[in-house]
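Everything on this sheet refers to the single structure shown next.
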Amino acid sequence: MANITLIAGKENTWAGLLFAALTDAAEPTEVCAQEDLSAFLSRADSPAAPTLVYVPSFADGDGMMPDLSEAGLVFEQCAKLRPAKFILLSSALVYGTGTARQAFASEEYATPQHGRDAISAAWKALEAMADQASVRIGILVILRPVTVLPSPSLLARRLARRFTLTLAGHDPSLQLLSLEDLAAAVRCAAQRSRGGVFNVSPDGVVPLRAAVRLAGGHRLALPRTWQRLAWPRAKLDYLRYPGTVSNQKIKRELGIAPRQSSLGALRRFRKQSVAGANPEPPFDDFGMDRATIDSLSRTVFRFMSERYWRIEAQGLEQVPGSGPAILAGMHRGFMPWDAVMTLHLVLRETGRVPRFLTHPGLLKFPFISSFITKLGGVVACQESAHRVLLNGELLGVFPEGVQGAFTPFRQAYHLLHFGRDAFVKIALRHRAPIVPYVTVGSVEALPIFKLFKWRWWRRYSEWPGLPLSTFPFLPLPLPSKWHIRFLPAIDLAAQYGTEAADDPAQVKKISAEVRRQMQQALDDILRRRRSVFWGSVFEETT
């Protein structure tokens, strides 16, 4: 039995929608009531219902900032009334946004400190108030739902229209939650005797562009610079980058999962008949579009590989045909053409698509961000790497980090020291083989002659500097001749246990060996190469 009293201000129409959903879904043994905030604050005794649910009002017109002054009064009253259980409806906006934001953030995720993210800071402050008051509350539950349909949030309001206003050049992966599923989560939290913080989100995601189209709407894509005339940058950033969260904890500890998918919630919201709608296609968790990859691989990538750069590759048989593995390569040039060509070759040989860890700064640029995401690029963080390997996929890494991509032309074929050696730790923990590989020729395609360390540009792009290269003076990279060699796979599982990941000496040793093999292969290819623009270096060794 769950006796629930929902607390909200009179002007909080969002709370009224949630109360209606709670009442419609209530069982005969349940009692759901709504109490006006002013009446609650004037109470002298504890409420009759054992569970209080607080739905904060919003301090802004876009449904993204909680009213902290109102919340302070509520928690002050709770400290006096000492309710048996208190459920705070927070938001997944607490995790912040940005290119470095982890996908499928868990409740323990440490939000990056951006300094200017007032939205995340406000939700953190709200939860901090609840935590301080929890010493006088029996059980505290904090629910962090993703975008709820319907709700006052900026994204929900945009999705309600026939023409959905989006940001040109960005196609973020969304998690959309139906109001009924949020109500079910509230009821479940009221019934259980467990407290804590829980994300509320559906399984899977849906890309914004596909969501609008499949729900019968139309996109109106306008540049971010135009939209900043009407909305602050911080709010637009929440529409610019994917901000997905994990629902594993609420499944595990409360035993509940939303019934509606993200697309299903949107279709229901727009009152689209699901029976008459097209079947829901599967979507990749990170936004990869296999149809786009296959199409480009048959056309553009094939032309670039076979005609433009005339790539000769050796050792592709070293790439495993199944199971998790790490491709450890070198990356030169600020545009990731070498990663794209590696993807094309591996796909052609094995049918598999490697997912490359991508520097967050590259995901800031419109259209480039969407292009990289559709090709399987994921934000460079350990959480992304773990998820890719857990799924049994190929993970592409560049151990030199972003500094390697911006190595000046004269030193481009001398590998830098590998930074954190995190790729070795991940390989050891997942018992995944490491396949080193090197590329000769991409350096000459986009040579970097000088790096201007312009402070504003470094802060905006998160790059080491602004490169001086042939781009943008020439429309395309130079048609140099490329040579790619995949080295024998290093089977760590046969030599080490998973505990070796916690041994810095062993990790350093393995990392140094990978770098040694790669540098040796580079030197051998350069020694054999007779021209930057033609000739083979592998004919003598095959």
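The values are calculated or read from the model by the stated rules, or taken from the named source; none is laboratory data. None of the values given here were measured: they were computed from a predicted structure. Here Cβ is always computed from backbone atoms with ideal geometry, including for glycine, and neighbour counts include all displayed protein chains.
Numerical summary
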| quantity | calculated |
| --- | --- |
| Qualifying residues in the stretch 217-244 (those that are assigned to a loop (DSSP other than H, G, I, E, B) and aromatic (Phe, Trp, Tyr)) - the one modelled with the lowest pLDDT | Tyr241 |
| Residue, nearest to Ala380 (Cα to Cα), within the stretch 393-406, restricted to residues that are part of a loop (DSSP other than H, G, I, E, B) and modelled with pLDDT under 90 | Gly401 |
| Condition check for Ser511: among the hydroxyl-bearing types (Ser, Thr, Tyr), crowded, with 16+ Cβ neighbours inside 10 Å and more than 30 Å from Ala432 (Cα to Cα) | no |
| Only listed residue being without any contact (Cβ under 8 Å) to a residue 24 or more places away in the chain, within 25 Å of the chain's Cα centre (by Cα) and either surrounded by 18 or more Cβ atoms within 10 Å (Cβ to Cβ) or assigned by TED's automatic domain parsing to the domain that holds Ile484 (or both), chosen from Arg420, Arg429 | Arg420 |
| Out of Gly315, Gly323, sole residue that is surrounded by fewer than 16 Cβ atoms within 10 Å (Cβ to Cβ) and assigned by TED's automatic domain parsing to the domain that holds Ile484 | Gly323 |
| Residue within the stretch 121-137 that is over 16 Å from Ser69 (Cα atoms), at pLDDT 90 or above, β-branched (Val, Ile, Thr) and not in a loop (DSSP other than H, G, I, E, B) present | no |
| Members of the stretch 217-231 that are surrounded by 14 or more Cβ atoms within 10 Å (Cβ to Cβ) and without any contact (Cβ under 8 Å) to a residue 60 or more places away in the chain | Gly217, Arg219, Leu220, Ala221 |
| Residue that is nearest to the chain's Cα centre (by Cα) [pool: residues in the stretch 291-308 that are among the polar types (S, T, N, Q) and in a helix (DSSP H, G or I)] | Thr292 |
| In the stretch 237-259, the residues that are crowded, with 19+ Cβ neighbours inside 10 Å and under 18 Å from the mean Cα position of the chain (by Cα) | Asp237, Tyr238, Leu239, Arg240, Tyr241, Pro242, Gly243, Thr244, Val245, Ser246, Asn247 |
| Among the candidates Leu176, Leu159, Leu182, residue that is buried (at least 21 other Cβ atoms within 10 Å of the Cβ) and either under 20 Å from the mean Cα position of the chain (by Cα) or not aliphatic (A, V, I, L, M) (or both) | Leu176 |
| Long-range neighbours under 9 Å by Cβ, at least six apart or interchain, first residue at pLDDT 90 or above within the stretch 379-390, second assigned to a helix (DSSP H, G or I) and among the aromatic types (Phe, Trp, Tyr) | Ala385/Phe423 |
| Of all residues making up the stretch 138-189, the number that are farther than 16 Å from Ala210 by Cβ, outside any helix (DSSP H, G or I) and among the charged types (D, E, K, R) | 3 |
| Some residue of the stretch 107-119 being farther than 23 Å from Leu254 by Cβ and either at pLDDT 90 or above or part of a helix (DSSP H, G or I) (or both) | yes |
| Strands (runs of 3 or more DSSP E) enclosed by the stretch 437-542 - at least 3 residues per element that are in contact (Cβ under 8 Å) with a residue 60 or more places away in the chain and within 25 Å of Gly419 (Cβ to Cβ) | 483-486 |
| The stretch 200-216, subset part of a helix (DSSP H, G or I) and of a type in the set (Gly, Ala, Ser), residue surrounded by the fewest Cβ atoms within 10 Å (Cβ to Cβ) | Ala210 |
| Test: residue in the stretch 265-275 that is more than 28 Å from Leu487 (Cα to Cα), in a loop (DSSP other than H, G, I, E, B) and basic (Lys, Arg) | yes |
| Tally, over the stretch 254-264, of residues that are modelled with pLDDT of 90 or more and assigned to a loop (DSSP other than H, G, I, E, B) | 6 |
| Subset of the stretch 4-49 (residues that are at pLDDT below 85 and either of a type in the set (Asp, Glu) or not assigned by TED's automatic domain parsing to the domain that holds Ala183 (or both)) | Asp24, Glu27, Glu30, Asp45 |
